[in-house]
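Student: I am attaching a structure below and will ask some questions about it afterwards.
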Amino acid sequence: MNRRLPEERLQDFKEVATGLPEQTAVLEALRCMGCPRPLCVDGCPVSIDIPGFINAIADEDFRTAARIIKQDNMLPAICGRVCPQEAQCQGTCILGKKDKPVRIGALERFVADWERENGVEPPQTAPATGKRVAVVGSGPAGITAASECLRAGHQVTIFESLHEAGGVLTYGIPAFRMPKDIVRFEIEQVLALGAELHLNHIVGRSVPVDELLAYDAVFIGTGAGLPYFMSIEGENFSGVYSANEFLTRVNLMHADRFPEFDTPVIRGSRVAVIGGGNVAMDSARVARRLGAQVYLIYRRREEDLPARQEEVENAIQEGVEFVCCANPTRILGGPEVQGIECTRMDMCECDESGRPVPRPCTGEGSTFTLDVDVVIEAIGQGPNPLLAGLIPGLKRGRRGNIEVDEDGRTSIPHVFAGGDIATGAATVIWAMGSAKKAAAAINQMLADTDSE
Amino acid sequence: MYRIIKRNQIADNIYEFWINAPHVTKTGRAGQFVVIRIDEHGERIPLTISATKGEDVRIVFMAVGKTTQQLAALEEGESIRDIAGPLGTPSEVKKWGRCAVIGGGVGIACLPILARELKAAGNEVTGIIGARNEGLLLLEDELREACDELVICTDDGSKGHHGYPADILKEMVADKALDAVWIIGPAIMMKITSFATLDTDVRTFVSLNPIMVDGTGMCGSCRVTIGGETKFACVDGPEFDAHQVDWDELMNRQRTYTGQEKESLEHYHEHKCECGEHQ
């Protein structure tokens, strides 16, 4: 995918990746071998008919391509942008064994963007069943579950606690990776199938639990909204943010445009971001756009970074300085942040997952300090505890996630869950995949109760 | 959009708004709060639920910052963009015996709903309210009705006891006439007032008011240290045991955006002059 020049993109929050021109998309589509047993589809959590839609692009029949994708995925413009295709469909593409895999993600995005510009054709929905489904959370999981239930003809009500729909797509992923008008557009498409959306509604509070459980089926997709902190000294100084807070201030509340928008954010002249995942990359790149010099502190080696390779490259191009094999031990200052003290880490033998275990170095030179005025902790999120704890009899795992079977069934018969609240923090597409399965189970259950 | 049903100025620069929000009033209880956003450019600010009536919720605020001044400029019948809630954990209302509810400044507004719930649970409730001067006192009549007894204090002696609610609280503690107390007001007032019950058996609750963004436990902006542990005021609180609170940390964190708040207010006034709509 083509990218805008780093010096240009640091000036704004517009999208970095520019997408494929039509000619290129068609040529790329022609590369697909059309495998009789396509491995790419196995690699896709929502099982899109990938050879099918690519074949339609090759025929320059983009309308059909869109129709094929939409059978399995109502959010293609989103997935085409944020899916880790290299580890999914493209990772299993047969062409990748000797050459480069087909750029499936870029093609998905091309089709979605084409459809958005040329008019969306709403998918067919089944006749109304009269069954009521409540969907809690309007992030990738909730929207996906809602679309599947709507297509089965059920009446769907979505509850969202924030003032805007989209969950992590709205508050978490920055606009330069996921433009907000596109998020809104794809969500609108789902709502247009007839869903009712209630913003500012906190289920368990604005919607009492008994009211929720009175629906014929419930899907919980409340996400991994609880930020973890490192529990180090100085963590509550002014200028220490969770990535969630920092990103929410900018992405949802538009603090980058303060004072035109009311919400402020400390821009910082030197910012330390702690962590090595996609959220850490997002935070670092937002901080760069706010004008700061940015260090990204990660306790393992650069090659161990869990973030997508593309995002690491973007961060490097945008001037984020990586400080690897280092672990923060203390935040200095008070009441404002003045620095961060780190210990150098040695890489030791690998753990069960095959990753080397970092151990703190000892002796002279094993600690160092960075002068920073803002610290952003991006070390992970846990399941949002608010609702799950309020539903009597809902079984939860050790970390507070909702326990589900393969089809998203919880310990309560008509309650289902999917996305990060069930699986723990994962990706947008995994959340959608699990939500799709749960919605299929809901649709099955409602069909069965009908025939009884 | 949520409509402003009623708007009153109830003290110097202090306003009560009744806003139609059935999703809030359905389960909203003492100790809980709402998060409001005035318009598309607005910030999310938390405000304690002061009372509910039917489908309307009352919020009370002093017009000191950009958002509260903009809010105060709205008229009855106009609407605000968002109101989310009820948020936070309700007050620990049960039969304590003898209770006191203490309000300082705008914090007084949090007392009516609490006093009523405590009364309904079979408690004897004394209200103690304090402000710098008479002009800043609010909701006296309502509180006189909600409490068994109401004591008024002013710093300058312009009405009631010349002094602070802490003085009255100390007397009550000395008389062993108290089982539980709620202290709600500015952080410094809550800190100092709560000294009166230190090393006593009187359960002492305070309602903390750190900076919040989402108010649902998602961002951690409102983290406070309670008994050496980090808690999120928005979901674990906002009410906590007064004697476990790290007050200095709370007050430091409240000052995080002092500069930006000033800038925001200046920008608001400049803009007001330009557009000429709000004069």
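The values are calculated or read from the model by the stated rules, or taken from the named source; none is laboratory data. Note that this is a predicted model, so its numbers are computed, not measured. When we count neighbours, we look across all protein chains shown, and the Cβ atoms used for this are built from the backbone with ideal geometry, even at glycine. SASA here: full protein model, heavy atoms, side chains in, ligands and nucleic acids out. Shrake-Rupley method; radii C 1.70, N 1.55, O 1.52, S 1.80 Å.
Student: Condition test on A:Asp181, is it in the same structural domain as A:Phe62 (by TED's automatic domain parsing) and either among the aliphatic types (A, V, I, L, M) or surrounded by fewer than 24 Cβ atoms within 10 Å (Cβ to Cβ) (or both)?
Tutor: On the way: in the same structural domain as A:Phe62 (by TED's automatic domain parsing): no; either among the aliphatic types (A, V, I, L, M) or surrounded by fewer than 24 Cβ atoms within 10 Å (Cβ to Cβ) (or both): yes.
Considered against the rule, which asks whether it is in the same structural domain as A:Phe62 (by TED's automatic domain parsing) and either among the aliphatic types (A, V, I, L, M) or surrounded by fewer than 24 Cβ atoms within 10 Å (Cβ to Cβ) (or both), A:Asp181 comes out as no.
Student: Right, something else. Say we look at the range A:289-338 and pick out the residues that are within 21 Å of the chain's Cα centre (by Cα) and of a type in the set (Asp, Glu); which of these is surrounded by the fewest Cβ atoms within 10 Å (Cβ to Cβ)?
Tutor: Here the residue is A:Glu313.
Student: Here is a list: A:Asp448, A:Asp407, A:Asp373, A:Asp420. Which entry is surrounded by fewer than 23 Cβ atoms within 10 Å (Cβ to Cβ) and either touching a residue at least 40 places away in the same chain (Cβ under 8 Å) or within 14 Å of chain B (Cβ to nearest Cβ) (or both)? Write out each step before concluding.
Tutor: Values: A:Asp448 fails: either touching a residue at least 40 places away in the same chain (Cβ under 8 Å) or within 14 Å of chain B (Cβ to nearest Cβ) (or both); A:Asp407 fails: either touching a residue at least 40 places away in the same chain (Cβ under 8 Å) or within 14 Å of chain B (Cβ to nearest Cβ) (or both); A:Asp420 fails: surrounded by fewer than 23 Cβ atoms within 10 Å (Cβ to Cβ).
The unique qualifying residue is A:Asp373.
Student: Does A:Leu247 satisfy being within 14 Å of chain B (Cβ to nearest Cβ), touching a helix residue (DSSP H, G or I) at 6+ places or on another chain (Cβ under 8 Å) and of a type in the set (A, V, I, L, M, F, W, C)?
Tutor: Working: within 14 Å of chain B (Cβ to nearest Cβ): yes; touching a helix residue (DSSP H, G or I) at 6+ places or on another chain (Cβ under 8 Å): yes; of a type in the set (A, V, I, L, M, F, W, C): yes.
In short, yes.
Student: Does the range B:207-214 include one or more residues that are within 14 Å of chain A (Cβ to nearest Cβ), open to solvent by 60 Å² or more (accessible area, probe 1.4 Å) and either of a type outside the set (S, T, N, Q) or closer than 17 Å to B:Glu92 by Cβ (or both)? Let's see the steps before the verdict.
Tutor: The first filter runs over the range B:207-214 and keeps only residues within 14 Å of chain A (Cβ to nearest Cβ), leaving B:208, B:210-214.
From what's left, open to solvent by 60 Å² or more (accessible area, probe 1.4 Å): none.
No, that holds for no residue.
Student: Can I ask one more? Quick check: is even one residue across the range A:220-241 touching a Lys or Arg at 6+ places or on another chain (Cβ under 9 Å), away from chain B (no Cβ under 13 Å) and either surrounded by fewer than 24 Cβ atoms within 10 Å (Cβ to Cβ) or modelled with pLDDT under 95 (or both)?
Tutor: Looking for residues that are touching a Lys or Arg at 6+ places or on another chain (Cβ under 9 Å), away from chain B (no Cβ under 13 Å) and either surrounded by fewer than 24 Cβ atoms within 10 Å (Cβ to Cβ) or modelled with pLDDT under 95 (or both), one finds none in the range A:220-241, hence no.
Student: Would a scan of the range B:256-279 turn up a residue that is within 10 Å of another protein chain (Cβ to nearest Cβ), without any contact (Cβ under 8 Å) to a residue 12 or more places away in the chain, in a loop (DSSP other than H, G, I, E, B) and not polar (S, T, N, Q)?
Tutor: no
Student: If B:Thr193 satisfies every condition in (1) within 14 Å of chain A (Cβ to nearest Cβ); (2) crowded, with 24+ Cβ neighbours inside 10 Å; (3) more than 25 Å from A:Phe261 (Cβ to Cβ) but one, which is the exception?
Tutor: (1)
Student: Regarding B:Asp156, is this residue part of a loop (DSSP other than H, G, I, E, B) and farther than 30 Å from A:Leu386 by Cα? Lay out the reasoning, then the answer.
Tutor: Working: part of a loop (DSSP other than H, G, I, E, B): yes; farther than 30 Å from A:Leu386 by Cα: yes.
Yes.
Student: Taking the range A:409-452 on its own, how many of its residues are under 15 Å from the mean Cα position of the chain (by Cα), more than 18 Å from A:Ile391 (Cβ to Cβ) and either outside any helix (DSSP H, G or I) or not aromatic (Phe, Trp, Tyr) (or both)? Before the answer, list the steps.
Tutor: Taking the range A:409-452 and keeping what is under 15 Å from the mean Cα position of the chain (by Cα), we get A:418-435.
Next, only the ones that are more than 18 Å from A:Ile391 (Cβ to Cβ) stay: A:423-435.
Narrowing further to those that are either outside any helix (DSSP H, G or I) or not aromatic (Phe, Trp, Tyr) (or both): A:423-429, A:431-435.
So the count comes out to 12.
Student: Pairs, please: C-beta under 8 Å, at least 6 apart or cross-chain, first residue not assigned by TED's automatic domain parsing to the domain that holds B:Pro112 and in the range B:182-208, second crowded, with 18+ Cβ neighbours inside 10 Å?
Tutor: The qualifying pairs do not exist here.
Student: I'd like the residue in the range A:275-302 that is among the hydrophobic types (A, V, I, L, M, F, W, C) and within 14 Å of another protein chain (Cβ to nearest Cβ) and, out of all such residues, is farthest from A:Val357 (Cα to Cα).
Tutor: At the first step, the residues of the range A:275-302 found to be among the hydrophobic types (A, V, I, L, M, F, W, C) are A:279-281, A:284, A:286-287, A:290, A:292, A:294, A:296-297.
Cutting the leftovers down to within 14 Å of another protein chain (Cβ to nearest Cβ) gives us A:279, A:290.
Details: A:Val279: 22, A:Leu290: 34 Å.
In this case the residue turns out to be A:Leu290.
Student: Now for a separate question. Working only within the range A:207-249, note down all residues that are among the small types (Gly, Ala, Ser) and more than 26 Å from the chain's Cα centre (by Cα). Before the answer, list the steps.
Tutor: The first filter runs over the range A:207-249 and keeps only residues among the small types (Gly, Ala, Ser), leaving A:214, A:217, A:221, A:223-225, A:231, A:234, A:238-239, A:242-243.
If the condition is that a residue be among the small types (Gly, Ala, Ser) and more than 26 Å from the chain's Cα centre (by Cα), then A:Ala214, A:Gly234, A:Ser238 are the ones that fit.
Student: Considering each residue of the range A:251-266, count those that are in contact with a Phe, Trp or Tyr (Cβ under 9 Å, 6 or more places away or on another chain) and within 11 Å of another protein chain (Cβ to nearest Cβ), and give that number. Outline the logic, then answer.
Tutor: As a first pass, look at the range A:251-266 and keep what is in contact with a Phe, Trp or Tyr (Cβ under 9 Å, 6 or more places away or on another chain): A:251-256, A:259, A:262, A:264-266.
Those left that are additionally within 11 Å of another protein chain (Cβ to nearest Cβ): A:252-255, A:259, A:262, A:264-266.
Count: 9.
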